[in-house]
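Only one structure is covered here, and it is reproduced in the block below.
The values are calculated or read from the model by the stated rules, or taken from the named source; none is laboratory data. As the structure is a computational prediction, the values presented were derived from the model and not from experiment. In this analysis, Cβ positions are derived from the backbone assuming ideal geometry, glycine residues included, and neighbour counts consider all displayed protein chains. Each accessible area value is taken on the protein alone, full model and side chains, heavy atoms only, with ligands, DNA and RNA left out. Shrake-Rupley method; radii C 1.70, N 1.55, O 1.52, S 1.80 Å.
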Amino acid sequence: MGGERVTRTEWLHIAAPLVAAIGILMAMICYALASRKPWSRHLVIAMFTLIIGYALILGALNLIRHTIMWRAIIDAAIFGSLSAWYFYFKPNVAEYFRQLARQ
């Protein structure tokens, strides 16, 4: 996890709830994108926000090593920023979602 060795039990205890939540979010994102829902892009950002929040909470409670926490935060911030640029600031994609919202 985060480039470090962990036991199976530790992984299940720590990561399984996050993996389940992300799986649900990904299914919702797929549905929303396929059915052209304007709120689909918000779910993508919510997924990365969830990862950052989960890492911060577990790190603050000392339930995960801080190296793992920082790795999760940095990775989610990078990919979340790229997603935000793509969905909100790339001109053609932003226009597509504005048109969806008008319908």
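Do we find that Ala34 is modelled with pLDDT of 95 or more and of a type in the set (A, V, I, L, M, F, W, C) in this structure? For Ala34, the condition - modelled with pLDDT of 95 or more and of a type in the set (A, V, I, L, M, F, W, C) - is met. Scanning the stretch 82-103 for residues that are buried (at least 16 other Cβ atoms within 10 Å of the Cβ) and either of a type in the set (Lys, Arg) or under 14 Å from Ile14 (Cα atoms) (or both) yields a total of 0. With respect to Thr9, is the statement that it is among the β-branched types (Val, Ile, Thr), more than 30 Å from Arg98 (Cα to Cα), touching a residue at least 24 places away in the same chain (Cβ under 8 Å) and open to solvent by 80 Å² or more (accessible area, probe 1.4 Å) true? Considered against the rule, which asks whether it is among the β-branched types (Val, Ile, Thr), more than 30 Å from Arg98 (Cα to Cα), touching a residue at least 24 places away in the same chain (Cβ under 8 Å) and open to solvent by 80 Å² or more (accessible area, probe 1.4 Å), Thr9 comes out as no.
The number of residues in the stretch 51-103 that are over 14 Å from the mean Cα position of the chain (by Cα), basic (Lys, Arg) and closer than 22 Å to Ala21 by Cβ comes to 1.
Scan Phe48, Phe79 and give me the residue that is in contact (Cβ under 8 Å) with a residue 12 or more places away in the chain and surrounded by 15 or more Cβ atoms within 10 Å (Cβ to Cβ).
Matching residue, one of Phe48, Phe79: Phe48.
Counting residues in the stretch 25-38 that are open to solvent by less than 90 Å² (accessible area, probe 1.4 Å) and among the hydroxyl-bearing types (Ser, Thr, Tyr) gives one or more.
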